[in-house]
Amino acid sequence: MTKPIAIIDCSIQTPAHQCFNRLVDYFDMPFTYHLPSLYGMESLKKCDFNKAIILGSLSNVEDRLPWQIELADFSYEKIKEGHAFLGICFGHQLMADRFGGQVSSISDNNLPQNGTRQFEILSDTPLFQKGESFKTVITHSYEVTVLPKDFIHLATSKSCHYEALAHKALPYYSFQGHPEASMAFIQRQVKIIKEQEILKAQEDGLEIIRRFIEL
């Protein structure tokens, strides 16, 4: 029996259930939904999964909230045990920080970057080939600024140096953008994107997640 993929929602205000539903509707895979930021880690700890996706959050890694620390420690141990993880936006930053990297604000006024962003893959990995290009929806006010030890700088863009990361030996990948973004998420969080850009970013986003699922 195929084990479910754990979707870990880090929302602190509006749950990202539309993003979860989008993945359920598109992929022929079992998924489970967990919201540790609001309801704790119990459901995640009881879940028998071998892959997990950590979603975004309006909180920041530097907040050092108890649920952030617990989730980062739990995920860190699972990754070391061989469970595959995909970090998205806040998830990307949370695990970069936990593995010893550094996350910083992108501006003095902490205003977010919103829209879509094209980025290029820099290194060959089991999931991606050097020179490939993807577009994703983006909305963030923090980013990874120091690469953790034993990590690959997987992708870069004009406005975000560490656009994507991968661990050299463990099954971990992460992206600053939002490959999971639903239309409801885009309308609520991003708002300013043209329809053609949305369609391309959503298409590329699903391709990124498909590759992770098939890892």
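Tell me, please, whether a residue that is hydroxyl-bearing (Ser, Thr, Tyr), open to solvent by 50 Å² or more (accessible area, probe 1.4 Å) and outside any loop (DSSP other than H, G, I, E, B) can be found in the stretch 167-175. So far as the stretch 167-175 goes, no, none of its residues is hydroxyl-bearing (Ser, Thr, Tyr), open to solvent by 50 Å² or more (accessible area, probe 1.4 Å) and outside any loop (DSSP other than H, G, I, E, B). Of everything listed in (1) free of Cβ contacts under 8 Å to residues at least 24 places away in the same chain; (2) under 20 Å from GLY205 (Cα atoms), the single unmet condition for GLN118 is (1).
Residues in the stretch 152-178 that are modelled with pLDDT of 95 or more and either basic (Lys, Arg) or more than 20 Å from ILE106 (Cβ to Cβ) (or both): 9 in all. Screening SER123 on (1) farther than 21 Å from PHE85 by Cα; (2) touching a His at 6+ places or on another chain (Cβ under 9 Å); (3) in a loop (DSSP other than H, G, I, E, B); (4) not acidic (Asp, Glu) shows it passes everything except condition (1). Would you be able to say whether some residue in the stretch 98-109 is touching a helix residue (DSSP H, G or I) at 6+ places or on another chain (Cβ under 8 Å), open to solvent by 30 Å² or more (accessible area, probe 1.4 Å) and outside any strand (DSSP E or B)? Checked against the condition, which is being touching a helix residue (DSSP H, G or I) at 6+ places or on another chain (Cβ under 8 Å), open to solvent by 30 Å² or more (accessible area, probe 1.4 Å) and outside any strand (DSSP E or B), the stretch 98-109 yields at least one hit.
With respect to the conditions (1) buried (at least 20 other Cβ atoms within 10 Å of the Cβ); (2) at pLDDT below 95; (3) not hydroxyl-bearing (Ser, Thr, Tyr), ASP9 lacks only one, and its number is (2).
Scanning the stretch 176-215 for residues that are over 18 Å from ALA16 (Cβ atoms), open to solvent by 20 Å² or more (accessible area, probe 1.4 Å), assigned to a helix (DSSP H, G or I) and of a type outside the set (A, V, I, L, M) gives GLU195, GLN196, GLU197, LYS200, GLU203, GLU207, ARG210, ARG211.
The values are calculated or read from the model by the stated rules, or taken from the named source; none is laboratory data. Fair warning: this is a prediction, and the values are worked out from it, not measured in the lab. Positions of Cβ are backbone-derived with ideal geometry, glycine not excepted, and every protein chain shown enters the neighbour counts. Heavy atoms of the whole protein, side chains included, go into the accessibility calculation; ligands, DNA and RNA do not. Shrake-Rupley method; radii C 1.70, N 1.55, O 1.52, S 1.80 Å.
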